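Have a look at the structure below before the remarks.
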Amino acid sequence: MVSSSRQFQIFLLCLSVLQLHCNTFLALFSEPFPVLEYHLENGLSVYLSQNPKESTIKTSILVNVGSADDPEDATGLAHYLEHLMFKGTKNIGTIDYANEKPFLDQIETLYETYRQTKGEGKRKTIYEKIDQLSLEASRFVIPNEFSRIQGKMGITESNAFTSHDRTYYVATVPSNQIKNYIQLEWERFREPIFRTFHTELESVFEERNLRVTDFRSNLFKQYYQIMFPNHPYGTKTPIGTDEDLKNPSIKKIHEFFQKHYVPNQIAICMSGNLNPDEVIEEIKRTFGTMPKKEQKTNFEIPKHIPLEMTKEILVPSKKKIYLFGIKLPKTSPKTVAELNVFSLLLSNRYNGLLDESLYYSQKASSVSTSITEWKDYLLLNIWIEPTKTTSLSETKSEILSAIQKIGNKEFTDELLQSIQKNEKINTIKYKDDNDFRLNEISEMFLANWDFKKLQEKFQFINQISKEDLSEFVKTYVKGNLVSFATKQGNANYTFITKPIISKLEFSKEEESKFKKEFSTEPSELLTPTFADFDQLQSKQYTNGNQFIYQKNKENSLFKFKMIIENGAWISPYLDISIDYWKHLGTDLYTANALSTKFYLLGSSLSIQTNGEALEISMEGEDEQFIASFRLLEHSIKSVNSSKEVWENLVNDYLLRLENKKEDELSLDLALHQYALFGKNSLRFYYANPTDIKTFKSSQAIDLLGDLLKYKSKITYYGNIDFKTLETNVFNEYLNRTNPIDTNSFSKKKYRPNHETNFFVLDRKRPHAELNFFATVDHKDHKIYPYVSIYNFLYDGLSSPFFMAMREQTGNAYAADVYLNYPEWKEDPILWMVNLSCQADKLKNCLSDAKSSLTSQNITESRFEEAKVSAINVTNTISKSNRYLIDEFIRSERLGIKEDLDFLIYDSIRETNWKDFIHFIKKINETGAFQISLIGDTKKVNRQTLKSLGKVEEVSAQSIIGN
């Protein structure tokens, strides 16, 4: 499940409406964003947006139902149904449905008996019978066949998500497979079969258990409960209650499907390179035959009831977060637009009122706002990470002061204009993004809006005035602020105990009759368009600097980078010095004024490490590039030191370092890097707290001032000509005498693959989280096509590894395997495996994982399926008139002259099954994994680990580095 929250960031005006048999044509003002809207006779809605710049089509089958609609005695049902929609049909995923069905019927009946039975002994007996029947039924099952058919068609990113108010099924489809996609989805939606139920239930249990210890899951669950005390958004969660999870009902899932998955509750949304006439005819021929069933939505705009209180939220971390919520009804498009502008007035990362009063004043290390948008409610979230001495009441006071300023119109016209300008720039950035288009279409459908209201929603962004915002504050914000502070809670978590289940025995037949007969032939041949590096100008200078230039043929924006290879190793104090720079002004501007200046120019700026490189990046309007670049130079060359800012920053920085030892995501990353590199990584290169305390602000200023003196690649994508930039803008840097060379700075070194090692970190988690790493040496690029086929074979739900680890046994919640291409010519290929399993199943999990990973029993038909999938996906590559500089740098680092994708495509058709099996054998010869393991070590059997390799117990302190 993912949240439906998003920050809507685009200005849209529609030009005309064309009514043709209930069809509506929508278009953007000046920048085309067409949408054809259809409403079929059975009530189904269809929205098609043509985007010829793409050779794929983003699709979403959106169902107007979510966890808020769960039955009171079967919560979590909408989410569980979403999982089961991938299990096949009467025709897909089975070799003999007629003989499979009696077992499925008995299982469904037994689950109803199980729900009504109270005694643990009796329940155990019933579940053992369910398990036995599931084993019998599994012999007819071809696991994840639906996903395999999708893969063969070249469909990627196939997934589904359940939120409070919606469920949607998404995919990225080659444009020449759209008819086949519609036919396959129709087969799925008309009568799904809920097989392999109890192993999928195991996965849902694990998903629930994972959330118990997750910081954000804990925080937002309690947040929604308080913000929506009498509404399903607060009283229900997509995962459901523990009691309902322990007592599932297949019968109720069928009833829920029949009630809610009906035409007038479904919208089929597509954006991409499609032919609307052909697509709508295919949808009419398939989904248009669904029986008409009127499901009343009882949709009403809720009454606005202000809510004001202060609450503590218990979380599994001592990290302090202040969260403020403002809830209001989604009354109109204007309300949505006003909330968006109000949010940006508070914080936009540059010159928002809270950016100035909290971030630049160093009362908070992070300030941000976001909008959660449901079909009937809007929720503004104000997220503050306070410094050590900043109280909740002080923070609230600053927020109330900012709200009062907006209500009293006590902010500059410049601020409002800068927000509207940057939203226009976002229009240009996102207008051709298929995901953005689908999001907008989805919100229109769910809010029960017509075309006019969608049009108004975006018109208002550029029309909102101070008076509008003042009235908005009076109507919806005044007396309507809920304040939250996190507090570390009791770590005695309650986990769902999962029943013992048998390993399923799937059919040995690899294909159903349906799959053999179903056509995956494309409607036409697609020709990929790879990166044409002749579109770029690259000039190497005698001092080692490089200028890479590409003219922007897409729009009026620019992208600029100054890349210092191995620049992350410039200094152990680089990280804190960059943080310092963000809080500093110059001899002409305060820090806030400087940030405001960039925002007024419409330019976004960042200095950050990217892997081992240091990147100074900037994007914005091309007509403002030179002014923005001069301001960037000024911000680095003329930066002013401040003792007070430095001392406050050091205190906050040290607090954040300390908090990382309790932050689960930080610990995950630290342990992974420790398993890969030991202490030969940036993590152990950066300064420790003791060193930071002795480092002076003047030294940080010197470090910052030197950033423009290193050997670098300067890249520019825009419309200013090469000569002007080389001569008048970048000359000082391109022709600098003796720039500092960073080629030898890197100290990164992979652990050797001599033997398997387990690096075990004790954390109170319901599961054991394992990540396997192995380096695979390669002598040339001829191996890359086999890497590609391997990744397609082991991708997603159709992966043999996923089937063995999750579908067959329920041992693992997550089971992924991937070969990662090297970044540099000298780097190895990285073999990576992720497993998340119950600690008490660790022995079986490790044994099954080893067996599956080392197996060479990949049939020729599975190999050919993966190969066809790789070719079909590659055929959709379209890089003409696109930003290519990053592709060019990737190829340079690998020592090749072509686009890497072209190199793979050029050879992949010549690959064969026998060579692929030899390739797998060579991978297995790496001989050993470096394995990070995080979990409750009291539940981890050390002898199991020691039978497979060496075991090193680590602590948070020993792996976190600085």
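Here, each number is a calculation from the coordinates, and none is a lab measurement. Predicted model only: the values in this text are computed from it and were never measured. Don't worry about glycine lacking a Cβ; one is built from the backbone with ideal geometry, like all the others, and counts go over all protein chains shown.
For the chain, what proportion of DSSP beta bridges, expressed in % and rounded to the nearest 5, is antiparallel?
Roughly 75 percent of the beta bridges in the chain run antiparallel, per DSSP.
Which pairs, out of 597/679; 327/879; 292/453; 320/950; 508/914; 58/90, put more than 31 Å between their alpha-carbon atoms?
Pairs exceeding the cut-off: 597/679; 327/879; 320/950.
From the Cα gyration tensor of region 95-140, with a ≥ b ≥ c the square roots of its eigenvalues, which class applies: rounded if a/c is under 1.5, or else prolate if a/b is larger than b/c, or else oblate?
Oblate shape, in that a/c is at least 1.5 and b/c is the bigger or equal ratio.
In whole angstrom, how far apart do the alpha carbon centroids of region 502-552 and region 806-863 sit?
23 Å
Using a 7 Å offset from Cα along Cα-Cβ at residue 254, what residues in region 66-80 end up with backbone N under 18 Å from the label point?
Only 71, 74, 77-78, 80 fall inside the zone, counting backbone N under 18 Å.
Taking other Cβ within 10 Å of each residue's Cβ, how do 878, 519, 397 sort, fewest first?
519, 397, 878
Between region 423-477 and region 313-361, how many Å separate their Cα centres?
Rounded to whole Å, the Cα centres lie 17 Å apart.
When the Cα centres of region 241-266 and region 153-196 are compared, how far apart do they sit, in Å?
A separation of 18 Å, based on Cα centres.
Shape of region 634-719 from its Cα gyration tensor (a ≥ b ≥ c, root eigenvalues): rounded if a/c is under 1.5, otherwise prolate when a/b > b/c, or oblate?
Oblate, because a/c is 1.5 or more while a/b does not exceed b/c.
With a cut-off of 8 Å between alpha carbons and a minimum separation of six or more residues, what is the relative contact order of the chain in percent?
Here the relative contact order equals 16 percent.
Please state the charge dipole magnitude for the chain, taken about the Cα centre, from unit charges on C-beta atoms (+1 on K and R, -1 on D and E), reported in debye and rounded to the nearest 20.
I would put it at about 1840 debye.
Between residue 391 and residue 893, what length comes free when the chain is fully extended (0.36 nm per residue of separation minus the Cα-Cα distance, one decimal in nm)?
Between residue 391 and residue 893, full extension yields 175.9 nm more.
Hey, what's the per residue convex hull volume over the C-alpha atoms of region 732-794, in cubic angstrom?
279 Å³
Taking volume of the Cα convex hull per residue in Å³ straight from the coordinates, which label in (i) 167; (ii) 227; (iii) 196 is the correct one?
The calculated read-out lines up with (i).
What ranking of 446, 400 emerges when the number of other C-beta atoms within 10 Å of each C-beta is taken as an exposure proxy, fewest first?
400, 446
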